[in-house]
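Working notes, beginning with the structure itself.
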Ligand code: MN
């Protein structure tokens with residue numbers, strides 16, 4: 001479902017005519033070499049396409065218009081090898097509708113102390129050329145990523161790669177469709193929000209359906225399709241004996257497969273990238289879709305429970321950002337706490353059922369158990385524990401006058417003891433800097449109980465993404481101090497009020 005190789009970023013070098021054709025030829029040759037190196041870098045998941053060196057306002061403007069219109073161009077990497085007077089960039093950057101990263105690099109890594117002459121100085125001017133370009137970006141209040149260092153440096157390439165992943169997710173989200181089966185869980189506040197504003201600011205549209213629309217498709221699923229899915233289950237999971245052919249709950253597993261096949265048809269036929277369900281509205285479905293949701297997420301679909309379309313869109317965007325990287329992305333919920341010594345306090349994260357096996361440490365078990373809410377038949381689900389290691393939880397809220405993203409860096413750890421009676425997929429983590437500070441900061445930020453959880457996407461991906469969306473970004477990590485965090489929230493309130501006038 002997600003293939004980042006189809007996307008490209010354009011490598012755009014600014015200069016001016018002052019230097020004469022010979023210097024400009026050298027600038028172009030160097031730019032081509034850098035673009036090629038970035039394109040071939042394993043740290044950058046997209047093609048990097050060299051564009052002819054820009055030396056006039058007209059050429060810059062035309063290039064920006066072309067980038068806006070180009071399918072699969074997710075953004076620009078800009079670099080000023082020489083000086084490029086930045087008034088030339090005003091029209092182009094005003095028109096540009098795609099994100100850009102400013103690569104503040106230099107062709108030669110080091111100063112050739114014994115050889116350096118004025119020719120070298122006239123060619124290698126990014127130290128001041130990029131500052132001129134930086135000024136106009138700041139003067140125009142443009143969000144962009146600034147990456148500093150030599151272009152062959154692994155860290156520089158990784159940082160550009162992270163930005164490119166965020167740009168792919170941003171591009172993918174523009175015009176994306178989200179299917180919402182049923183409405184919001186009644187009276188829940190944080191999962192609500194302004195869908196018109198989300199479409200305007202974030203690019204995706206939410207399509208509401210009665211669950212009956214889905215039930216109709218589910219009821220048309222053929223036995224052959226169900227057989228195929230059951231075969232896949234047996235291949236991919238440790239299937240509980242009662243769910244195997246001849247087992248007493250085999251019929252329930254077939255029902256779960258029917259729901260999965262129906263949902264797949266519905267989402268594929270409607271070209272949806274994400275969806276929501278709500279256990280308060282399952283009329284005509286025999287079970288809460290658990291296994292189906294888990295497997296659809298594993299294929300790249302975003303998901304939010306209880307009508308949570310913002311988290312669903314975020315989970316899908318994170319799937320795009322993390323495509324091909326080690327570790328997965330899942331819908332998640334802070335469920336239960338383990339209060340112990342401050343540094344060791346943990347969160348048990350899970351949902352009733354809907355956690356994606358892309359985060360699983362081992363081959364999942366396919367089981368069926370009673371669900372204590374919802375009043376439906378027992379639903380099938382995958383049961384597993386998440387891999388240990390660094391992860392993030394991210395959440396987007398509608399604050400009334402803006403969207404806010406809050407991210408917490410966490411460390412997934414093994415459970416203190418086996419959990420033989422807990423029949424759901426789960427992750428146990430220690431939030432940074434610790435649970436006391438992290439949970440207080442999260443709550444003060446109005447962070448939702450639903451999150452996008454990931455071990456492939458990190459805070460830098462999410463910050464780059466938030467910047468592209470001009471969305472507020474709050475990070476809770478090792479350095480967070482509550483006294484500062486509270487001030488940041490207050491100051492941001494003022495900033496986003498005033499930013500409309502900037
Ligand atoms: Mn929930």
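The values are calculated or read from the model by the stated rules, or taken from the named source; none is laboratory data. Note that this is a predicted model, so its numbers are computed, not measured. We place every Cβ from the backbone using ideal geometry, glycine too, and count neighbours over all the protein chains shown.
Quick notes on this one:
- Test: residue in the range 300-311 that is in a loop (DSSP other than H, G, I, E, B), more than 16 Å from the ligand (Cβ to nearest atom), touching a helix residue (DSSP H, G or I) at 6+ places or on another chain (Cβ under 9 Å) and touching a residue at least 60 places away in the same chain (Cβ under 8 Å): yes
- For residue 175, the conditions (1) closer than 30 Å to residue 39 by Cα; (2) surrounded by 15 or more Cβ atoms within 10 Å (Cβ to Cβ) all hold with the exception of (2).
- The range 142-157: number of residues that are in contact (Cβ under 8 Å) with a residue 60 or more places away in the chain, more than 17 Å from residue 98 (Cβ to Cβ) and touching a helix residue (DSSP H, G or I) at 6+ places or on another chain (Cβ under 9 Å): 3
- Verdict on residue 160 being in contact (Cβ under 8 Å) with a residue 24 or more places away in the chain, buried (at least 19 other Cβ atoms within 10 Å of the Cβ) and more than 23 Å from residue 302 (Cα to Cα): yes
- Listed by first and then second residue, the pairs linking a residue in the range 446-458 that is under 7 Å from residue 391 (Cα atoms) to a residue that is modelled with pLDDT under 95 and within 10 Å of the ligand (Cβ to nearest atom), with Cβ atoms under 6 Å apart and 6 or more places separating them unless they lie on different chains, form an empty list.
- Only residues that are closer than 19 Å to residue 282 by Cβ and surrounded by fewer than 18 Cβ atoms within 10 Å (Cβ to Cβ) were counted across the range 186-210, and they come to 7.
- Filtered by the rule that a residue be over 26 Å from residue 276 (Cβ atoms) and within 16 Å of the ligand (Cβ to nearest atom), the range 451-480 gives no residues.
- Only one entry of 427, 417, 448, 394 meets the criterion of being at pLDDT 95 or above, part of a loop (DSSP other than H, G, I, E, B) and within 16 Å of the ligand (Cβ to nearest atom), and that entry is 448.
- Residue match in the range 369-390 (condition: under 22 Å from residue 473 (Cα atoms) and modelled with pLDDT of 95 or more): yes
- Failed condition for residue 366, given (1) more than 16 Å from the ligand (Cβ to nearest atom); (2) under 19 Å from the mean Cα position of the chain (by Cα): (2)
- Against the criterion of being modelled with pLDDT of 95 or more and within 21 Å of the chain's Cα centre (by Cα), residue 310 qualifies.
- Top-ranked residue of the range 51-98 - restricted to ones that are crowded, with 18+ Cβ neighbours inside 10 Å and without any contact (Cβ under 8 Å) to a residue 40 or more places away in the chain, ranked as farthest from residue 125 (Cα to Cα): 96
- Single residue of 354, 326 found to be surrounded by fewer than 17 Cβ atoms within 10 Å (Cβ to Cβ), in a loop (DSSP other than H, G, I, E, B) and either touching a residue at least 60 places away in the same chain (Cβ under 8 Å) or more than 16 Å from the ligand (Cβ to nearest atom) (or both): 326
- Within this structure, residue 243 passes the test of being more than 30 Å from the chain's Cα centre (by Cα) and in contact (Cβ under 8 Å) with a residue 60 or more places away in the chain.
- Here 253, 282, 314 are screened, and the one residue that is within 16 Å of the ligand (Cβ to nearest atom) and part of a helix (DSSP H, G or I) is 314.
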